[in-house]
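One structure below.
Every number here is computed from the coordinates shown, using simple stated rules; none is lab data. What you see is a predicted model, and the numbers here were worked out from it, not measured in a lab. Glycine gets a Cβ as well: all are built from the backbone with ideal geometry, and neighbour counts include every protein chain shown.
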Amino acid sequence: MRDERQLRGFVRVITKCVALDFFKAERRRSGTLRKFSEGHGVAESAEPLVQLSARIHWLTEQLQSLSDDQRQLLDWRYRLGWTLESIGSRLGLKSGAIDGRIRRVLQQLKRQSEECDDV
């Protein structure tokens, strides 16, 4: 990503995807909880929204801390929707190499996320 505007656009797309996934999961969870709580008197909490906000903030910070090359790969793949082949041809690499690089970045983010969850 060459400038701040592109980074913000990328974070916006990732945030939207994470939020949509969260709300879909929350809707399923709420339906299950509602069925269970009928007659059990269990109240729902606003805690998941607080957690989502914290995760989005954390993800924004982590994306900014990635190298320019790592951010560019994620940008091309997820914001622009480029195929591994098109990214590879742009960089002069095979699609398998691109897949490995993207997978390593995502694994790094996942490990860091799990470390934050443990704290």
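A few notes on this one:
- The alpha-carbon atoms of segment 4-118, seen along their principal axes, cover 62, 27, 24 angstrom, with the largest extent given first.
- Per-residue ³J(HN,Hα) for segment 79-84, Karplus 6.51 cos²θ - 1.76 cosθ + 1.60, θ = phi - 60°, Hz, x for Gly and Pro: 7, 8, x, 5, 6, 4
- Residue order, fewest to most beta carbons within 10 Å, for W82, W76: W82, W76
- The phi-based Karplus calculation (6.51 cos²θ - 1.76 cosθ + 1.60; θ = phi - 60°) puts the 3J(HN,Hα) values of segment 102-115 at 5, 4, 5, 4, 5, 5, 4, 5, 5, 4, 5, 5, 5, 5 Hz, whole numbers, x for Gly and Pro.
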